[in-house]
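**Student:** Here it is, the structure in full.
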Amino acid sequence: MRKTLRWLLSLVVLIGTVSTAGAATAAQPDATGTNVVNDDAADIKDRLLAIPGMSLIEEKPYTGYRFFVLSYTQPVDHRKPSKGTFQQRITVLHKDTARPTVFFTGGYNVNTAPRRSEPTQIVDGNQISMEYRFFTPSRPAPADWTKLDIWQAASDQHRIFKALKPIYDKKWISTGGSKGGMTATYFERFYPRDMDGVVAYVAPNDVVNKEDSAYDRFFAKVGTKECRTRLNAVQREALVRRTALEKKYKEVAAAEGYTFNTVGSLDKAYEAVVLDYVWGFWQYSTLADCESIPADAKNATDEEIWTSVDTISGFSFYTDQGLEPYTPYFYQAATQLGAPDINFPHIEKKYIRYGYQPPRNFVPREIPTKFQPKAMHDVDSWVKRNANQMLFVYGQNDPWGSEPFHVGKGARDSYVFTAPGMNHGANVAGLVPDQKALATARILEWAGVASAAVQANPDKAKPLAKYDSKLDKRKVERQLRP
């Protein structure tokens, strides 16, 4: 479970259309044919701000929509609401209350720029996006870390849904990618009556935390032998040249003001970055990108080895400055979510001092953690037996898909699809044609906007909203966490 601080790519959400007398706004075409929002009806901002506990941070213009960044008062503990509150950021991409609504969760900080997820584009709806509790600024003060768990977060989402449902009273679909896909799944497990459908992208499912052989099998066969050999050689060489490259690391750390108190030492941070290298490549790159990997690692320069590892894994991440924003994630990995532990058969043991470090190593020592092995087993069992109108999408070459969700005999109208050749950015558009058509048709049906033609023939299913290069921009933070 690793990350690279600097790179950005994407997976985010938002949309909607026409209005009725009771709708807040209606999107109407202007002279150019572009939808613009009509505010003749009750203003949507007034309706949103009339919700108890809701306040406006800012409104940002976007043609055809209203986009709001809001703050919502939540209990620190949903079991004991009187024990304090905190402010949680959410965003609303409003098109029309007559359209369905997509509830997007990224599992981390919320994106405060207008964006829409793939399901939002497919159903041409509104989008609500939620910042996960304990990611700043949505963190209680003081922070009682025992209140950061999957049930509390699902209860945040449930409360937001209940508050907004009177305004957006059509069908709702929850979605998210990676940890956001996990979040959408946990929400469905704890509040199965809220949503009309779930689209979970690349959601890891670490049921038994101590059993991680699926990841080793993945790395033994992913891509081609030539590509695996290149990557393994660079990773090994970075450890063989540890002394020389750590000298450079120390110089960079001094220049940038990096410290290593949480992980324990620069040496531990260095090895963690290097051991992320192969995982990071397959998570965010494609087979074609193997051409950028040094072909002859033994004869490559130190600078070439450093650059390749830094580009893919990021030497800034295991610094205190890189880890701090992700403390909530590592806390959850150490208490409920679990984390992979992989082997490195291509590297002699004498070069590996610490191995794949557990998430506890990346949480400040003053924050206690205790793992709860039953949490993921509960969710996994529930999905197998009770999944209803749920779609899971994985990428063939994404290591996080090594332990996926499965739907069993008790599931209804639920699917697990894998996009060939795709990585951690896998989506419905990347599925083989028949699965792409079926997935699109089911999403439209769950949202209540499937035409008669689509209901009769799923092959006719297509996104209802046209692609927008800004609104539909993939902006995935290039991180090696889920």
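The values are calculated or read from the model by the stated rules, or taken from the named source; none is laboratory data. Keep in mind that this is a model prediction, so the values were computed, not measured. Cβ placement follows ideal geometry from the backbone for every residue including glycine, while neighbour counts extend to all protein chains displayed. These area figures cover heavy atoms from the full protein model, side chains too; ligands, DNA and RNA do not enter into them. Shrake-Rupley method; radii C 1.70, N 1.55, O 1.52, S 1.80 Å.
**Student:** Tally the residues that are in contact with a His (Cβ under 7 Å, 6 or more places away or on another chain) and open to solvent by 40 Å² or more (accessible area, probe 1.4 Å), restricting the search to region 185-210.
**Tutor:** The qualifying residues number 1.
**Student:** What number goes with the only condition from (1) at pLDDT 95 or above; (2) farther than 22 Å from residue 180 by Cα that residue 404 does not pass?
**Tutor:** If we test residue 404 against (1) at pLDDT 95 or above; (2) farther than 22 Å from residue 180 by Cα, just (2) comes out false.
**Student:** Here's another thing I want to ask about it. Quick check: anything in region 247-255 within 30 Å of residue 450 (Cα to Cα) and at pLDDT 95 or above?
**Tutor:** no
**Student:** Tell me which of these residue 114 doesn't satisfy, since it passes every other one: (1) within 27 Å of residue 466 (Cα to Cα); (2) open to solvent by less than 10 Å² (accessible area, probe 1.4 Å).
**Tutor:** Every condition holds for residue 114 apart from (2).
**Student:** Which of the following residues is open to solvent by 10 Å² or more (accessible area, probe 1.4 Å) and in contact with a strand residue (DSSP E or B) (Cβ under 7 Å, 6 or more places away or on another chain): 58, 131?
**Tutor:** Checking each option against the conditions leaves just 58.
**Student:** Restricting attention to region 398-422, which residues are surrounded by fewer than 16 Cβ atoms within 10 Å (Cβ to Cβ) and among the small types (Gly, Ala, Ser)?
**Tutor:** Of everything in region 398-422, those that are surrounded by fewer than 16 Cβ atoms within 10 Å (Cβ to Cβ) and among the small types (Gly, Ala, Ser) turn out to be 408, 410, 421.
**Student:** Right, something else. Taking region 397-431, which residues are among the β-branched types (Val, Ile, Thr) and assigned to a loop (DSSP other than H, G, I, E, B)?
**Tutor:** Selection gives 407 alone.
Rundown of residues vs (1) outside any loop (DSSP other than H, G, I, E, B); (2) in contact (Cβ under 8 Å) with a residue 40 or more places away in the chain; (3) open to solvent by 10 Å² or more (accessible area, probe 1.4 Å); (4) touching a helix residue (DSSP H, G or I) at 6+ places or on another chain (Cβ under 9 Å), yes/no style:
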site: 87; (1), (2), (3), (4): yes, yes, yes, no
site: 109; (1), (2), (3), (4): no, yes, yes, yes
site: 139; (1), (2), (3), (4): no, yes, yes, yes
site: 142; (1), (2), (3), (4): no, no, yes, no
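**Student:** Given the conditions (1) open to solvent by less than 20 Å² (accessible area, probe 1.4 Å); (2) touching a Lys or Arg at 6+ places or on another chain (Cβ under 7 Å), and given that residue 180 satisfies all but one, which numbered condition is not satisfied?
**Tutor:** Among (1) open to solvent by less than 20 Å² (accessible area, probe 1.4 Å); (2) touching a Lys or Arg at 6+ places or on another chain (Cβ under 7 Å), the lone unmet condition for residue 180 is (2).
**Student:** Which members of region 211-224 meet the condition of being more than 15 Å from residue 346 (Cα to Cα), in contact (Cβ under 8 Å) with a residue 40 or more places away in the chain and open to solvent by 40 Å² or more (accessible area, probe 1.4 Å)?
**Tutor:** 224
**Student:** Take the conditions in a loop (DSSP other than H, G, I, E, B), at pLDDT 95 or above and either at negative phi or open to solvent by 70 Å² or more (accessible area, probe 1.4 Å) (or both) and apply them to residue 384. Does it pass?
**Tutor:** Criteria not met by residue 384.
**Student:** Report, by residue number, each residue of region 452-470 that is part of a helix (DSSP H, G or I) and surrounded by 12 or more Cβ atoms within 10 Å (Cβ to Cβ).
**Tutor:** Once the filter is applied, which keeps residues that are part of a helix (DSSP H, G or I) and surrounded by 12 or more Cβ atoms within 10 Å (Cβ to Cβ), region 452-470 yields 454, 455, 458, 459, 460.
**Student:** Okay, moving on. How many of the residues in region 64-85 are in a strand (DSSP E or B) and not small (Gly, Ala, Ser)?
**Tutor:** 11
**Student:** Check whether at least one residue in region 423-438 is crowded, with 20+ Cβ neighbours inside 10 Å, polar (S, T, N, Q) and touching a residue at least 60 places away in the same chain (Cβ under 8 Å), and report yes or no.
**Tutor:** yes
**Student:** Also, I was wondering about something else. Do you know which residues across region 123-146 are of a type in the set (Lys, Arg) and within 16 Å of residue 187 (Cβ to Cβ)?
**Tutor:** 133
**Student:** Tell me which residues, restricted to region 77-92, are farther than 25 Å from residue 102 by Cα and of a type in the set (A, V, I, L, M).
**Tutor:** none
**Student:** Now for a different question. I'm trying to understand the selection: among the residues of region 116-137, which are of a type outside the set (Asp, Glu), within 30 Å of residue 170 (Cβ to Cβ) and not in a helix (DSSP H, G or I)?
**Tutor:** Answer for region 116-137, where residues must be of a type outside the set (Asp, Glu), within 30 Å of residue 170 (Cβ to Cβ) and not in a helix (DSSP H, G or I): 116, 117, 125, 126, 127, 128, 129, 130, 132, 133, 135.
**Student:** Out of all the residues in region 59-83, which are touching a residue at least 12 places away in the same chain (Cβ under 8 Å) and of a type in the set (D, E, K, R)?
**Tutor:** Once the filter is applied, which keeps residues that are touching a residue at least 12 places away in the same chain (Cβ under 8 Å) and of a type in the set (D, E, K, R), region 59-83 yields 59, 60, 66, 77.
**Student:** Considering 95, 83, which residue is in contact with an Asp or Glu (Cβ under 8 Å, 6 or more places away or on another chain) and open to solvent by 20 Å² or more (accessible area, probe 1.4 Å)?
**Tutor:** Matching residue, one of 95, 83: 83.
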